[in-house]
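Take a look at the structure set out below.
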Amino acid sequence: MSSWPDYPEYPASKPLPAEGGIVARSRRGDIGETWWSRRFIELLESFGVGSRLKRGRNYARKGQVIELEVEPGVVLAKVQGSRYTPYRVRIRGKVLSKAQWRRAERAMASQALPLAQLLSGEMPRDIEAVFSSCKLTLLPSSKAELKASCTCPDSENPCKHVAAVYYILAERFDEDPFLIFAWRGLDKEELLERLRARRGAGGRRRAGDASATQAATQAEPGVPLSAQLESFWSAGPDLAKVQVSPFAGAAPDAVLRQLGPAPVDAGGRNLVELLTPAYAVLARAAERRALDE
């Protein structure tokens, strides 16, 4: 029984129109709005295949990518090219092992601001530094970490179809940064559940330490205030090495977001919504005061 003949090529410079394709939001210039998607695109651009990247951007903006799914360790996509049958693209990335995820979770849970931002659904600006502190990376750091393939006849890698998928993937990362974690092997719900558990365990340990310290303090005889008047306003040797950054955090309302909606409304608006701008104003005022501006 003979096989079906291959369909003829459509003109190479004019791919077939794709109905219902994923159209890139960026219509000109760079693709990628956030720092993490830009880092991903910078890695792609470092591959040194400029002409294919340009054609890949055009494909992305025309909506030639018709399907895209992110799974642990792999991105699966279909791209409509100049043949009637869409090309299948597969991009493999490194999945972190269970031991590596435990290290990453400990590092994220140990830093208050990144933890609060993650729990409120934000990507911390210093997340790569957090991963680096435990000898890991969140975003791919080299071409060797990515293995891409396409069913098109182009022998170059990345071809324009793979490049188009990279660009659409970057915009997906803009929309949901937790897709990066999912690609690395841990989806958003499971990651946040593990971080909440670690935060709770840390809080219980700190409470236990505080109780022990309080008990030890109560057991020691107190020193009369009259004997400490000269040193009362001094930090003392215990705090000599403590350094406090004068700069306001990236999310001054992170605690409010972590707590969620308050059980109090005022003027038809939730208390958290009313307090959020106040937290931002106070953070800027404290920063100016600390910098003596």
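Here is how the numbers come out for the structure above:
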{"item": "Inter-probe distance in nm under a simple model that places probes 7 Å from Cα toward Cβ, at Lys188 and Leu76", "result": "2.1"}
{"item": "Among the listed pairs Lys14/Lys54; Lys160/Lys188; Lys94/Lys188, those beyond 22 Å (Cα-Cα)", "result": "Lys160/Lys188"}
{"item": "In order through the range 66-75: 3J(HN,Hα) via Karplus (6.51 cos²θ - 1.76 cosθ + 1.60), integer Hz, x for Gly, Pro", "result": "9, 8, 7, 10, 10, 10, x, x, 8, 10"}
{"item": "Distant-in-sequence amide H partners of Ile66 (H built 1.01 Å from N, under 5 Å)", "result": "Ile22, Lys78, Val79, Gln80"}
{"item": "Estimated Rh, the range 252-293: Kirkwood, alpha-carbon pairs, angstrom", "result": "11.3"}
{"item": "Added length on full extension, which subtracts the Cα-Cα distance from 0.36 nm per residue, Ser97 to Ser46", "result": "15.7 nm"}
{"item": "Extension gain (nm, one decimal) between Cys134 and Ser110, 0.36 nm per residue minus Cα-Cα", "result": "7.5 nm"}
{"item": "Charge-dipole axis of the range 89-192 as Lys and Arg at +1 and Asp and Glu at -1 on Cβ define it, positive-most pick from Leu119, Ser97, Ser155", "result": "Ser97"}
{"item": "Debye equation applied to the C-alpha atoms of the range 11-148, log10 I(q)/I(0) at 0.09, 0.12, 0.21 Å⁻¹", "result": "-0.36, -0.62, -1.37"}
{"item": "Per-pair calculated FRET efficiency, R0 = 35 Å: Thr151 and Lys54 via Cβ, rounded to 0.05", "result": "0.95"}
{"item": "Cα-based shape type of the range 66-126, given that a ≥ b ≥ c are square roots of the gyration tensor eigenvalues and the cut on a/c is 1.5", "result": "prolate"}
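Values in this text are rule-based calculations from the coordinates and carry no lab data. Treat the numbers as computed from the prediction; the structure is a model and nothing was measured. In this analysis, Cβ positions are derived from the backbone assuming ideal geometry, glycine residues included, and neighbour counts consider all displayed protein chains.
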